[in-house]
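Worksheet for the structure shown next.
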Amino acid sequence: MGLPAGFDAAGAYRAMVRMRLVEEALVEAWADGLVPGEYHSGIGEEGINVGVVSHLSGRDSMALDHRNTSPLVGRGADLRTLMLEVMGSEDGLNRGWAGHMHLMDPDIPAAADGIVGTSGPLAVGQAVANARLYPGRVAVAFHGEAAMNQGMLMESYNMAVAWNLPVLFVCKDNKWSITTYSAEVTGGDLVERARSFGLAVEQVGGNRIEDVYRAAGRLITRARRGKGPGFLHASCHRPGGHFEGDPIVRLLHNPRGQAEEWGPPMIQNARAKTGGSRGDQLAAVKVLTKRGARAARDYTVRARMDPVRHGRRLLEQAAVDRIEASERQDVEQAVTEVRSAMGSRATFGVSGGTR
Amino acid sequence: MTVMRYGQAIDFALGEAMARNDNVVTWGEDVRLIHRDLLARFGPERVRDTSISESAFLYAGIGAAMAGLRPVVEIMLIDFLPVAWSGIANAASKFRDFSGGRWEVPLVVRAGCGGWYTDGGQHEQTLWGQLSAYPNINVVCPSTPADAAGLMLTAVESDEVVVFLEHQLLSEQWIDFLAGNSRTTVSFDHLVPPDGVEGEVPLPLEPVPLGQAVIRRDGSDVTLVSLGVGAHRCMEAAQVLTASGIEASVLDLRSVYPLDKDAVLEEARKTGRVVVVDEDYVRGGLTGEIAALLLEAGVTTRYARVAVEGTIPFAPHLEYAALPNAERIVTAAKRLE
């Protein structure tokens, strides 16, 4: 199978590189203490984000989840105000009220919500409005596979089908529900689950940008023509964990340090005079060992599914170099400006307190 | 006595309660990893991970409680409880009454709450005022490790519904994720009350009764009423007020419901000035409730409140200004002179 019609490999690669650079800059800023709170990076989701967002323009709307930086970058959000917002500046996109989890841009239009699963019903509402106010425009909900166990997301699949709405649900399946392995808490098959609602379903490897582009294009075209909602299942990997500081990632990067911290209290608890049976305790060890093994496998094997690396293979080396150099220059300039605007902030600029 | 951290004390008390009664179980998102010590001691049958399905796993807790277990259902952050609000508003608060008093719901809802650590308006609410509005829902938020352990023990052994709120600034876990072991470039030291984070816990554990406030500092000029981190902010404010010749009492309520009315009234009669410091919304909550209590009791007192007046902003300096900080408390107390 060749590249899909209309697919611009260079443009797609440029968009993925831009997302990756912005995400990396924010991860670095988080580590440097410039980003308050949590940061859920979209590193590893670039293939999905670009593959879907490439089909959107104008009044096409997006309901985003906690990994929302990249889709906004893909829709052309201003890098400076976006990064200032994530760093908690009043000069940011949302005047310092949102932070990275609740970025809002009515001009795109796109709104993010940190409550798991809410992008579904929000997109359903956007689709109702779009169908009435901007015929031909679609609404896209980005969510993870873990959100598919949240009732309201399933209810919104049903509403979308029952009302025949121009909406696309994009399931970015990274296999982890926060730090719980999704398969341990999920029954059945998610793609079959979506299909059973009557959604038009496509399934792709999210690291293969051309496949995402093709599948998303089919579902979005269908939705624009009033033929009903779609569901795109795309696998991905989250090398940074649930958020920066994720204890599982810490465990993988520094097993000895984490074992020294976690081990003794666990052993002490297992040895308590009162507690479960030996069998209960062996089962507990098995549960944690299994999770650790799954994490180790995911963070080594699946880490090879890098969408940016795959996108690079679709281009000549000269084009790759040219794109990377120009995007790097652009993003670095924005980062330099934003960092100099923020200064150093060990206490995030809070000088109050009486202690 | 032994020294424990706040979150550690809660898990220690829950472990004690689980050891005493085989029917105590806990479930919620990520609990096997977060409470790995309890998992190691009691095994995966009694310490269960849930999917991200708050409405179902809270209601399941109600069902299990009525069917003979004593579930401690953990909602990672209280901000996620509204996803499952019907479980509180229509079920946990109602079923004992619907049964004509024949059926108890011995459920504990455990959740992180509160701010000061820069996590934005959807992860830092307390919601304790709204929670305490419903019938049959007890709501507590301890400010020290000793109270955290004592209240958890009481909550699990109670036959009633108890919402046990664990303040995120005091609980080591969140600060550990967001600073601590994950990055050394950030410090919350200027905001974290040392007495709340770590302290002595009596052994054997002493249960702390629901609805019993405690005086943290005795003064004659003004009474500062609060709970959770707010109690510590009041202590900080009291220090500042001393320099101005004002001696403040600090009353730590520990429970939003039941409210220790006697303790509030006694303090109000003594000092004649009450400042309620609430890390919850100013409308429809604890501050209004205490004002009504004072009026109904006919206690003549001057009154002020320091609370959260809108969405908690993300930017740290805006967040600090929006929360009931010591500077705001001092200003409010001085105005009552």
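Worth pointing out:
- Restricted to helices (runs of 4 or more DSSP H) entirely inside the range B:110-214, those with at least 1 residues that are facing chain A (nearest Cβ under 9 Å) are B:172-178, B:194-197.
- Note on the range A:145-172: residues that are outside any loop (DSSP other than H, G, I, E, B) and either among the basic types (K, R) or within 14 Å of chain B (Cβ to nearest Cβ) (or both) amount to 12.
- Scope the range A:136-152; condition surrounded by fewer than 24 Cβ atoms within 10 Å (Cβ to Cβ) and touching a Pro at 6+ places or on another chain (Cβ under 9 Å); matching residues: A:G136, A:R137, A:M152
- The numbered conditions (1) at pLDDT 95 or above; (2) in a loop (DSSP other than H, G, I, E, B); (3) more than 18 Å from A:A216 (Cα to Cα) are all true for A:P121 except (2).
- Residue in the range B:25-40 that is polar (S, T, N, Q) and farther than 12 Å from B:A149 by Cβ present: yes
- Checking each residue in the range A:52-97 for being assigned to a loop (DSSP other than H, G, I, E, B), within 17 Å of the chain's Cα centre (by Cα), touching a residue at least 40 places away in the same chain (Cβ under 8 Å) and away from chain B (no Cβ under 14 Å) picks out A:S54, A:R67.
- When B:A263, B:A268 are checked against the criterion of being within 19 Å of the chain's Cα centre (by Cα) and surrounded by 16 or more Cβ atoms within 10 Å (Cβ to Cβ), a single residue qualifies: B:A263.
- Residue list for the range A:98-118, restricted to those being assigned to a helix (DSSP H, G or I) and either away from chain B (no Cβ under 14 Å) or in contact with a helix residue (DSSP H, G or I) (Cβ under 6 Å, 6 or more places away or on another chain) (or both): A:H100
- Residue in the range B:4-59 that is farthest from A:V185 (Cα to Cα), counting only those that are at the interface with another protein chain (Cβ under 10 Å from one of its Cβ atoms) and among the β-branched types (V, I, T): B:I34
- Looking only at the range A:24-58, residues that are acidic (D, E), at pLDDT 95 or above and surrounded by fewer than 24 Cβ atoms within 10 Å (Cβ to Cβ) come to 2 in all.
- Count - residues of the range B:16-45 that are crowded, with 22+ Cβ neighbours inside 10 Å and more than 23 Å from the chain's Cα centre (by Cα): 5
- The range A:239-286 - residue that is crowded, with 19+ Cβ neighbours inside 10 Å and among the hydrophobic types (A, V, I, L, M, F, W, C) and, of those, nearest to A:A31 (Cα to Cα): A:F243
- For the range B:219-242, residues that are over 18 Å from B:N325 (Cβ atoms) and not in a loop (DSSP other than H, G, I, E, B) total 1.
- Any hit, the range B:67-87, residues being in contact (Cβ under 8 Å) with a residue 60 or more places away in the chain and in a loop (DSSP other than H, G, I, E, B): no
- The residue list B:A91, B:A13, B:A56, B:A9 contains one member that is in a helix (DSSP H, G or I), free of Cβ contacts under 8 Å to residues at least 40 places away in the same chain and under 23 Å from the mean Cα position of the chain (by Cα), which is B:A91.
The values are calculated or read from the model by the stated rules, or taken from the named source; none is laboratory data. The model shown is predicted, which means the values in this text are computed figures rather than measured ones. Neighbour counts run over all protein chains shown; Cβ positions are idealised from the backbone, glycine included.
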